[in-house]
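Scroll down for the structure; my scribbles are underneath it.
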Amino acid sequence: MLRELTEREAAERAKDTDLKVGYQGEPGAYGEVAAAGNGGVPQGFASFEKLLEALRDGELDEAVLPIENAVVGAITEALEPLADFICEGMELAAVSLTSVPVRLSLAALPGTPIQAVKRAWSHPAALRQCTHRLAQMGIERVVCYDTAGAAQIVAHDASTDAAICSRWAAERHGLEVLVEDVSDKEQNNTRFVHLRMADHARAQVSLAFLRTSNMTATGRLDVLTGATLLPLAGSSEYPVRMWVLGADAARLQALAPVRDVQVISLGQPAAYAAKITPPKQGTEPVVKSLPHATARKAPTVVEVGPLRIGAGARAVIAGPCSVESAEQVMRIAREVASCGATALRGGIFKPRTNPYAFQGHGLEALDWLVAAGKASGLPVVTEVMAVDQVKPVAEKAHVLQIGARNMQNFDLLRAVGRAGRPVLLKRGAGSTVDEWLGAAEYVMAAGETRLILCERGIRTFETATRNTLDVGGMLAARPMTHLPIIADPSHAAGRADLVEGLARAAWSAGADGLIVEVHDDPARALSDGEQALVPARFAELARNLALHPDARLPLAQLRAWVDAIDHDLGVLVQRRLEVARVIGDSKRQTGRAVLDPRREAAVRRTYQEALPGSKTLADKLVDLLLEAAKAQQSIDED
Ligand code: PEP
Ligand code: MN
């Protein structure tokens with residue numbers, strides 16, 4: 001994931017052609033490669049301290065620092081000064097990571113026989129990466145400040161000493177490469193973090209610095225947060241100091257008070273921090289006895305036509321509780337599709353508490369459902385209740401639903417697992433998260449990997465709602481499984497008036513999607529009419545979830561949609577002006593200049609990122625906002 005983030009960031013930031021990016025070392029150092037990586041103009045500094053001072057004093061837009069190497073781990077030479085600057089109050093944001101392949105060559109003056117080389121110069125971190133190979137060759141290690149600097153020293157010295165540096169640096173200084181790569185490990189690379197001042201950039205990469213006087217406080221932190229720990233030597237006040245890469249900042253903050261750890265985060269803005277992520281990739285499953293459902297792998301994406309759920313793709317499945325007639329399901333399908341739903345639901349076999357209640361129209365209704373899906377461009381989801389229904393339903397439906405009452409019908413789970421269709425697995429009203437994952441394991445063990453888990457409310461003592469939507473259970477399941485998790489606010493609420501609130505709660509908690517019941521004549525619905533949203537209210541919910549309507553939606557509805565967005569925009573602009581005023585006041589109080597051209601550039605970047613392909617619009621919006629903010633400031637000063 002980090003690599004993906006780095007690549008996306010790199011592509012976005014390649015536009016910043018005049019970005020001044022500092023690194024430590026001479027030209028030809030690996031830091032220069034990292035600094036140039038995102039399209040910046042590299043500038044070398046003699047030490048990490050000088051580099052960070054230049055960033056602090058506004059001489060640079062960005063600084064790159066090596067933090068971790070594949071052979072030797074943490075690069076303490078860079079991490080220690082960085083820790084010191086942060087402890088002194090420098091506020092930094094980690095904006096991206098670059099991984100630079102490292103090939104450390106042994107280079108000497110042309111004509112030097114390799115047997116004559118007795119000493120090799122380089123940066124201590126580079127020397128550590130070649131410990132064994134150099135020992136084998138009987139070469140002594142000599143520390144200097146930089147790999148490219150080592151090449152320079154050897155070039156100006158009439159000895160048989162060698163330098164350990166990149167081929168590029170060797171050639172630049174007229175040296176001859178004697179050994180192409182002397183690293184102890186073949187696939188060597190170093191990760192660099194790109195840092196900017198926090199008030200000019202938004203943090204993107206998860207990177208945090210920890211201090212504690214309690215040695216045991218940081219134990220198992222890697223296991224608890226899924227992070228990579230980069231330990232430092234520490235100080236007498238704080239014996240343990242370390243960098244944590246890749247951890248969820250919110251999780252670290254939550255652990256900090258109990259563990260007597262101070263967390264200084266350079267990454268993950270609040271919006272990202274709140275998001276709960278699937279288990280970190282690795283070897284062992286989260287629950288050993290559930291190797292498929294809790295495997296530590298990349299998030300599973302379930303994709304059927306326009307329906308795409310998982311790994312950040314969020315979807316809304318909507319439709320009637322039961323398929324009542326060909327016309328009914330056709331009408332509702334068109335309505336939900338025009339609001340941005342990406343799959344159609346509808347029951348043909350209904351699990352009813354009372355045996356005399358409507359039981360569903362059976363297989364005949366499957367054709368009505370499929371026809372409605374086809375006409376509206378949506379794949380269809382429908383429930384199977386018995387093993388002998390699986391084959392005929394799987395022939396035509398795109399996704400097979402296992403209802404709450406059948407979550408532990410193990411023969412049925414095995415049968416849908418063999419049917420060759422993705423499965424939507426509802427959580428049983430009386431089942432624990434572990435049992436839910438156990439049911440998922442049954443389906444997966446039978447062969448089906450495309451599974452969507454659905455929380456639909458559990459049975460509690462509360463009778464004001466039909467069930468209790470267990471958002472906590474969804475969140476608890478999130479770090480345990482790679483499978484997408486959606487919520488069904490309709491069956492949880494049992495009342496139409498509560499559906500939108502529960503839908504928004506689940507969505508804000510990071511659900512991968514929703515399944516919502518919609519009916520155009522709830523009073524006459526054959527099942528679950530009390531909890532059905534009418535199409536206009538579903539449209540309102542869809543707008544609030546930022547789904548995309550299409551031209552089939554009646555013009556009046558589309559206008560209402562855009563009016564509501566305009567209202568939201570107006571409210572946001574008002575809030576922005578208020579916050580900008582507070583910033584102005586704060587700057588005046590601390591004697592800082594209210595206008596800051598670098599800050600303005602950062603704001604422009606934010607809008608350009610949010611409006612890809614509309615640079616002029618982004619710029620015009622920023623112009624208007626800045627103009628309004630300036631007018632407001634001068635009015636205040638009068
Ligand atoms: C349904 O989706 O219509 C249904 C019966 O749901 P559950 O199994 O969650 O009660
Ligand atoms: Mn229902």
Among LEU553, ALA476, ALA357, whose Cα sits farthest toward the positive end of the charge dipole of the chain (+1 at Cβ of Lys/Arg, -1 at Cβ of Asp/Glu, about the Cα centre)? ALA357
Most positive-pole-ward Cα, ASN214, TYR145, LEU230, against dipole of segment 135-232 from beta carbon charges: ASN214
What is the extension gain from GLU237 to ASP596, computed as 0.36 nm multiplied by their sequence separation minus the C-alpha to C-alpha distance, in nm to one decimal? 125.5 nm
Give me the mean projected area, in nm² to one decimal, of the convex hull enclosing the Cα positions of segment 453-587. 12.2 nm²
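Counting pairs of alpha carbon atoms under 8 Å apart in space and at least six apart in sequence, what relative contact order in percent does segment 23-63 give? Provide the component values of the computation, followed by the final result.
Numbers: 41 pairs, mean separation 15.9, N = 41.
Relative contact order of segment 23-63: 39 percent.
Suppose the chain between ASP184 and LYS288 were pulled fully straight at 0.36 nm per residue; how much longer would it get relative to their current alpha carbon spacing?
Roughly 34.0 nm would be gained on extension.
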With a Förster radius of 30 Å, plug the Cβ-Cβ distance of GLU140 and GLU176 into 1/(1 + (r/R0)^6) and report the FRET value to the nearest 0.05. 0.90
What are the extents of the Cα atoms of the chain along their three principal axes, listed from largest to smallest and rounded to whole Å? 99, 71, 46
Cα centroid of segment 31-76 to Cα centroid of segment 431-483, whole Å: 46 Å
Which value, in Å² and to the nearest 10, is the accessible area of ARG598 when all protein chains are kept and the probe is 1.4 Å? 70 Å²
For the residue pair ALA631 and GLU327, what label-to-label distance in nm results when each label sits 7 Å from Cα along the Cα-to-beta-carbon direction? 5.6 nm
Using the Cα centre of the chain as origin and beta-carbon charges of +1 (Lys, Arg) and -1 (Asp, Glu), tell me which of ALA135, VAL433, ALA618 is placed farthest towards the positive end of the dipole. VAL433
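For the chain, what is the accessible area per residue in Å², given a 1.4 Å probe and the full set of protein chains? If you can, show how the numbers build up before the last one.
Details: 28720 Å² over 638 residues.
Ligands and nucleic acids excluded, the result is 45 Å² per residue.
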How far is helix 76-87 tilted off the main Cα axis of the chain, in degrees rounded to 10, range 0 to 90? 70 degrees
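Using the beta-carbon distance between ARG352 and ALA476 and R0 = 41 Å, what value does 1/(1 + (r/R0)^6) give for FRET efficiency, to the nearest 0.05? Spell out each step's value before the answer.
Details: r = 30 Å, r/R0 = 0.74.
It comes out at approximately 0.85.
Using the Cα centre as the reference, give the magnitude of the dipole from point charges on the C-beta atoms of segment 78-160 (Lys, Arg: +1; Asp, Glu: -1; all else neutral), rounded to the nearest 20 debye. The partial results should precede the final answer.
Working: 6 positive and 7 negative charges, 127 e Å.
So the magnitude is around 600 debye.
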Provide the solvent-accessible area of LYS630, counting protein heavy atoms only and rolling a 1.4 Å probe, rounded to the nearest 10 Å². 100 Å²
Label ALA256 and GLU435 with points 7 Å out from Cα along Cα→Cβ: what is the distance between them in nm? 3.9 nm
With a 1.4 Å probe and all protein chains kept in place, how much accessible area does TYR238 have, in Å² rounded to the nearest 10? 50 Å²
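For every other residue with a beta carbon closer than 9 angstrom to the beta carbon of THR160, add +1 if it is Lys or Arg and -1 if Asp or Glu, then tell me the sum.
Details: positive: LYS118, ARG119; negative: ASP161.
Surrounding charge for THR160 is +1.
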Volume per residue (Å³) of the convex hull spanned by the alpha carbons of segment 147-275 is 186 Å³
Student exercise, the chain dipole from Lys, Arg, Asp, Glu Cβ charges, in Debye to nearest 20: 1340 debye
ALA446-ARG559 pseudo-label distance in nm [points 7 Å out on the Cα-to-Cβ vector]: 5.2 nm
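Taking the Cα centre of segment 409-542 as origin, work out the dipole magnitude from +1 charges on Lys and Arg Cβ and -1 charges on Asp and Glu Cβ, in debye rounded to 20. Walk me through the numbers before you get to the answer.
Working: 14 positive and 18 negative charges, 58 e Å.
Charge dipole, segment 409-542, about its Cα centre: 280 debye, nearest 20.
Can you give the relative contact order of segment 295-392 as a percent, counting alpha carbon pairs under 8 Å and 6+ residues apart?
Details: 159 pairs, mean separation 27.9, N = 98.
The value is 28 percent.
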In whole Å, what is the distance between the alpha-carbon centres of segment 201-258 and segment 395-417? 44 Å
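Please state the relative contact order of the chain as a whole percent: Cα pairs under 8 Å, 6+ residues apart?
Working: 1317 pairs, mean separation 59.8, N = 638.
The value is 9 percent.
Could you work out how much longer the chain between LEU569 and SER586 gets when fully extended? Use 0.36 nm per residue separation minus the Cα distance between them, nm to one decimal. Could you put the intermediate results ahead of the total?
On the way: separation 17, 0.36 × 17 = 6.12 nm, distance 2.56 nm.
So the extension gain works out to 3.6 nm.
The values are calculated or read from the model by the stated rules, or taken from the named source; none is laboratory data. If you're wondering where the values come from, they're calculated on a predicted model, not measured in any experiment. Glycine gets a Cβ as well: all are built from the backbone with ideal geometry, and neighbour counts include every protein chain shown. The protein model used for the area step is the full one, side chains on, heavy atoms only, and it has no ligands, DNA or RNA in it. Shrake-Rupley method; radii C 1.70, N 1.55, O 1.52, S 1.80 Å.
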